[in-house]
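The values are calculated or read from the model by the stated rules, or taken from the named source; none is laboratory data. All of these numbers come straight from a predicted model, not from anything done at the bench. Counting neighbours? That spans all protein chains shown, and the Cβs are built from the backbone with ideal geometry, glycine included. With ligands, DNA and RNA removed, areas are computed over all heavy atoms of the protein, side chains included. Shrake-Rupley method; radii C 1.70, N 1.55, O 1.52, S 1.80 Å.
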Amino acid sequence: MSRYLIRRVVRGLLTIFISVSLTFFIVRAMPSDPVSLMVSPQMTPAAQQAMIESYGLNQPLLVQYGKFLLQLFQGNLGTSFSKHIPVTQYLLERLPWTLMLLAAVMVLVLAIGIPVGVLAARKRGKLADRIISVLVTLGISVFIPFISFLLLYVFAFRLKILPTGGAYTPPRGAGLAYWLDVGKHLILPAVALTITNLANAVMYTRNSMIEVLHEDYIRTAYSKGNDTKRVIRVHALKNAMIPTVTVIGLQIGTMVGGAVVTETVFSWPGVGRLIYDAVNALDYPVLQGAFLLLAVAVVVMNFLTDLAVAWLDPRIRLGGQ
């Protein structure tokens, strides 16, 4: 068990380091220059130069990279170019909103994807299975901005039953009324992101369940007089969940990427929208901090997925051969 954990922790840390390093160099390869956005024409040349030096933008790229790593190991993500506040504070203000969105999406994907996948497996080849297969194909093919704008048009502009964007209706309220308002604003971005991630959960659950239902131990369970619901719930579902849990865990990265687009379309004030704003402002420290945060989140979720799969499948040897 300890060797299993150590290997995955080391691999996760290496992944985070590579991701953060690539982010550092990629954002500085952008064709625009953040200096031109920060300095004002009314500033004297001396004041402009002082501002540039205060952010270290006049130094060679490798020197900036070395200082970035040193600050990172000290827990300092720098100061935002555009907001002039610590990046850590900026991220912590936005992180809860993204976590709320991703948590809602995960609940919906699991609550809908697994039962629908099981239903498709039980009705294999029948009308229900064919309809579900068509919907899965559409779900895999759909483009996040398209479905987001479609939901906005139908439910916000035409039917006017849901808000067009934001996380709450200003001015910010309090108590239960405030959280109900937040939940109402959460519906459209959560549904949009769920639709684009639901198809894989359904497909893998269906295919895995079909395979498991043909195993010998399932026939043995039926021969003992168990009905179909009990066989699926007690004997088949746990083994059928192994591929599904693995895929959903690997989809966290896709969900995070989709959150950038979804939060931007719906003006949801999370880390995804923060990344969009930081790209427009060429805010290097915010971009670096945001991608570090997302890389850590993806690595942690993949690690938890490994543990979940190991729990579901006792054949996995955590001692590591």
Any idea which of (1) at pLDDT below 85; (2) within 21 Å of ALA240 (Cβ to Cβ); (3) open to solvent by 90 Å² or more (accessible area, probe 1.4 Å) is the one PHE143 doesn't satisfy?
-> (2)
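Could you look through the stretch 219-268, keep only residues that are among the aliphatic types (A, V, I, L, M) and open to solvent by 60 Å² or more (accessible area, probe 1.4 Å), and pick out the one that is nearest to GLY166 (Cα to Cα)?
LEU250
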Given the residues ARG130, ARG94, which is the only one that is more than 21 Å from ALA192 (Cβ to Cβ), assigned to a helix (DSSP H, G or I) and either modelled with pLDDT of 90 or more or basic (Lys, Arg) (or both)?
-> ARG130
Scan of the stretch 157-184 for residues that are touching a Gly at 6+ places or on another chain (Cβ under 9 Å) and touching a residue at least 24 places away in the same chain (Cβ under 8 Å), ordered by number = ALA167
Just one of ASN200, ASN207 is open to solvent by 40 Å² or more (accessible area, probe 1.4 Å) and touching a helix residue (DSSP H, G or I) at 6+ places or on another chain (Cβ under 7 Å); which is it?
-> ASN200
Is there a residue in the stretch 60-77 that is in contact with a Ser or Thr (Cβ under 9 Å, 6 or more places away or on another chain), among the hydroxyl-bearing types (Ser, Thr, Tyr), in a helix (DSSP H, G or I) and at pLDDT 85 or above?
-> yes
What number of residues in the stretch 219-234 are in a helix (DSSP H, G or I) and over 15 Å from VAL118 (Cα atoms)?
-> 5
Among (1) in a helix (DSSP H, G or I); (2) at pLDDT 90 or above, where does ILE161 come up short?
-> (1)
